[in-house]
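Inspection log for the structure reproduced underneath, given as structure tokens.
Values quoted throughout were computed directly from the atomic coordinates according to the rules given, and no laboratory measurement underlies them. As the structure is a computational prediction, the values presented were derived from the model and not from experiment. Using ideal geometry, Cβ is built from the backbone for each residue, glycine included, and neighbour counts are taken over all protein chains shown.
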Amino acid sequence: MKGAGERPNRSNFGGSGLDRRRFLAVGATLLAAGRSSRAQAAETVRFGLTPVFLTSDLELLESLKAYLTAQLDRPVELVQRRTYQEITALLLSEQLTAAWICGFPYVQYRDHLELVAVPVWRGKPLYQSYLIVPRDRAAQGFADLRGDIHAFSDPDSNSGYLVTRALLAEMRETPSSYFGKFFFTYGHRNVVRAVASGLAESGSVDGYVWEVMRDLEPDLTAATRILRHSEWLGFPPIACARSLRDTAMVRRLSRALYHMAADETGRRVLEMLRLDAFAPADPEIFNGIAAKYDLVKSMG
Amino acid sequence: MRVPRFKSWPITIRVPLLVALLMVGISTVLSQRILARLSETQSEHLKSLTGAYLDGLSTSVVPNVLREDVWEIFDSLDRAKQRYAGLNVLYSIVAKADGTILAASNPRTFRTQGTVPEELVSRLRDRDLYLDETSKRAFSRRKLVYQNLDIGSIYAEIDISGLMAERNEVLLTLIATNGGLTLVFALFGYVAVRRMVRPIEVLNDQVERLRGGDYRPISDDRLGHPDSEFGRLFRRFNVMAGSLREKEALAARLAEEEKLASLGRLTSGIAHEINNPLGGLLNAVDTLRKHGAEPDTRESALDLLQRGLQDIRDVVRSALVTYKGSSHPERLSRRDLDDLKYLVKQDISRRRLSLDWRNEIADIIPIHGGAVRQATLNLLLNACAASPLGGTVSFAARLGDGMLVISVADQGAGLPDAIRQAYEKDEPERSLKGDDRGLGVWMVKRLVAGIGGRIAVETAAGRGTLIRLDIPLRSERGMGNVA
């Protein structure tokens, strides 16, 4: 039963990951034909969202949409998908103007993507990954989690997968060899739910999401306990396809994001997101994630 | 206290009680039916509710079971918990066909990759719903089938204490309502039937009075409507009581007439008794007048006079005691019986009979002396009349077993059946009154019955007759009065 929850087709490592990158590149080329309607597409800004934050909050989505619409003076469509992978594919194929993705896909497709902005949380564009366990569990460290039923967020998530995967790689282990069983919940909040309910005995979760949830759903986080904090890593950024980097729309979008803290609606959005601001991004902050990706990749 | 047998209870209690019991019985049966129906409805309701719950779940869960997507299965179970708030699902488990748990709504109890508890599996081995009323739980299972392949099962345990509480509430309401209604109906039935059968009590009282010799009719205010059943019955009863009253009055008059006839005969006997010595007495007076100077003759005449007068005195006194009554009617002395000899002496001597007299009464006994003497005298006179010339009339009186037993026997031709029956039957035929031998039968019967005695007759054609009176002595209290 070990590793029954693993989905090789979703693995980002080894040959399959490269294959997919190639596939995505080909897909993007093919879709270039569809870009005949580019002018029309430019009319509507399509902004992709991943479950890096609490996408379930409709009020937040409405406010964000209202802010962007007002700032860009264009209709804005917020595009959501269940997995990171779906959003990444849409982004690479230029079907999205930009998307809020995770640091991990950014590192994976660095050559094809360009940073638009990065959120500032508690004064820094950084966040951590947490390893959480049920509050009443006696485990002292990662070593106690061997044989667990473990909940990951998404195979393309840095905090919800890569960090723990790299930790295992350092121990010459894989999720299949180390955990009794693991599964993906496709949402950081779901990881917290899985651990709080006891469905999973441990979980890998976005530290920023866990902290925001502590404000919004204290009962849920109270049922869990942080067993391990990762080092500080680059906060999930907003990125666009490199080919669109210099378009007026992307430039306007960046400005709108940087301006957010100065606008009333923007401040309300930031408040709901518990973020300080959006700032121009330095690709260097993702080096930590890149190192983890390399480590895992080197394991084969 | 011993409870009397139901059959001996008055009908005025029995019938209303039966009505009340019937009400209780009907109410019990009805309540039982309602509860059984409720139980069935509840089961059906639960079945359809769990069916809807499990059907909804299985639809969303099947693709995830195929992929063994633990999170999605859990998420479905978790969301269903909120969606089916009307059904108190304690937990639900989704397991693979081999019994390995994929996810449960409470994963702490049913760990993913664990096995479904054997107890749960065995309870639902050949059914989809199992109700355990003691633990107030229902267990349900739904097989997950994909392309005709059994890919797993959903198990659920449901708290049915709400249903049970509802049933108990209905039971209590039923008991309270039915109990109350039954009580009211039973009471109403009791009162109504009691009213209906009340005339029976009146009739019973009246019949009881009749037995005691009170022939008064049912009073007008109790007669009721002449068209009602009891109204008609009471009126018929009054007619009957009236005719009984007339009959009784007739009988009393007859007895009085007989008494007079008997008295007449006795009087003639007494007159004869007095007349017999009178000739001798007058002779003695003559002798005294003529030869009174001779001492021997005078003595002998005076002696004769004295004996004659003594005889007369005995006869007169006996008659007085018998018919005027003694100063102590509640008692009887030996002498009171012995004196009867004087009253039958004339009949005895006239028919040259011998009298066998055995009086074993030692002293005074507590009994109605007047009635005993009159009855005995009548029997003796009848015996004298029945005996052939020169025959013997026997009299015996003794005490035995709290009774005074008096036997009078003759050597006559025996009593005709009619007269014998007249003595022994409760009511003698009136046609006897003209028969000489039957003279006084009516009176004897009345006298003996009046003091609670019985008459027995032994008779055979040509071999005489023995009539025995068994008369109970009066009670201790009566004795006290005597003393």
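Amide H contacts of residue A:200 (H built 1.01 Å from N, in plane; Pro and chain starts excluded): A:195 sit under 5 Å, all sequence-distant by 5 or more or on other chains. Summing Lys and Arg as +1 and Asp and Glu as -1 over all other residues whose Cβ lies under 14 Å from the Cβ of residue A:145 gives a net charge of +2. Convert each backbone phi in region B:278-294 into a coupling constant with the Karplus relation 6.51 cos²θ - 1.76 cosθ + 1.60 (shift: θ = phi - 60°), then list the ³J(HN,Hα) values in order as whole Hz, x for Gly and Pro. The phi angles translate into 4, x, x, 5, 4, 4, 4, 4, 4, 4, 5, 5, 7, 10, x, 6, 7 Hz. Over region B:6-168, one equal point on each Cα, no solvent: what is log10 I(q)/I(0) by the Debye formula at q = 0.10, 0.18 Å⁻¹? Rounded to two decimals, the profile gives -0.46, -1.06. What distance in nm separates the simple spin-label points at residue B:401 and residue B:352, each placed 7 Å from Cα in the Cβ direction? Output for this residue pair reads 4.1 nm. For region B:265-312, a simple Cβ point-charge model (Lys and Arg +1, Asp and Glu -1, everything else neutral) yields a dipole of about 200 debye relative to the Cα centre. For region A:163-300, the dipole from Cβ point charges (+1 on Lys and Arg, -1 on Asp and Glu) about the Cα centre works out to 380 debye, to the nearest 20. For residue B:34, the shell of other residues with beta-carbons less than 15 Å away shows a net charge of 0, using +1 for Lys and Arg and -1 for Asp and Glu.
Around the Cα centre of chain B, unit charges on the Cβ atoms of Lys, Arg, Asp and Glu (plus for the first two, minus for the last two) sum to a dipole of about 740 debye. Spatial offset of region B:37-106 relative to region A:246-300 amounts to 42 Å, using the alpha carbon center of each. For residue A:124, the lysines whose Cα falls under 27 Å of its own Cα, not counting residues fewer than eight places away in the same chain, are A:65, A:292.
Full extension of the segment from residue B:48 to residue B:8, taken as 0.36 nm per residue of separation minus the current Cα-Cα distance, would add 8.6 nm. For region B:167-181, the Karplus equation 6.51 cos²θ - 1.76 cosθ + 1.60, evaluated at θ = phi - 60°, returns couplings of 5, 5, 5, 4, 4, 5, 4, 4, 4, 5, 5, 4, x, x, 4 Hz by residue, with Gly and Pro reported as x. In region B:75-215, taking the dipole from charged Cβ atoms about the Cα centre, the farthest positive-side position among B:206, B:129, B:113 is held by B:113. With axes computed from alpha carbons, what is the tilt in degrees of helix B:70-83 against the longest principal axis of chain B, rounded to the nearest 10 within 0 to 90? Tilt relative to chain B: about 40 degrees. Remark: region B:51-67, residue by residue, has Karplus-estimated 3J(HN,Hα) of x, 5, 4, 6, 4, x, 5, 5, 4, 7, 8, 3, x, 6, 5, 4, 8 Hz, where x stands for each Gly or Pro and the curve is 6.51 cos²θ - 1.76 cosθ + 1.60 at θ = phi - 60°. Extension gain for the segment residue B:169 to residue B:460, taken as residue separation times 0.36 nm less the Cα-Cα distance, is 96.1 nm to one decimal. The calculated pair-distance distribution of the protein assembly as shown uses every alpha carbon pair, bins of 20 angstrom beginning at 0, and gives 12, 23, 14, 8, 8, 10, 11, 10, 4, 1, 0 percent. Globularity index of region B:250-482 is 1.12 (Cα radius of gyration / 2.2 N^0.38 Å, N = number of residues). Note on chain B: Cα-only Rg and Dmax are 51.1, 171 Å. Considering helices alone, the calculated mean residue ellipticity of chain B at 222 nm is -20500 deg cm²/dmol, with DSSP H runs of length four and up weighted by -39500 (n - 2.57) and normalised per residue. Only lysines eight or more places from residue B:143 in sequence, or on another chain, were considered; those with a Cα closer than 30 Å are A:2, A:181, B:47, B:81, B:96. Ignoring lysines fewer than eight residues from residue B:290 along the same chain, none have Cα atoms less than 20 angstrom from its Cα.
Distance between the pseudo-spin-label points of residue A:298 and residue B:247 (7 Å out from Cα toward the beta carbon): 13.9 nm. For chain B, the residue among B:268, B:337, B:154 whose Cα projects farthest onto the positive side of the dipole built from Cβ charges is B:268.
Extending 7 Å from the Cα toward the beta-carbon at both residue A:78 and residue A:143 defines two label points whose distance is 4.5 nm.
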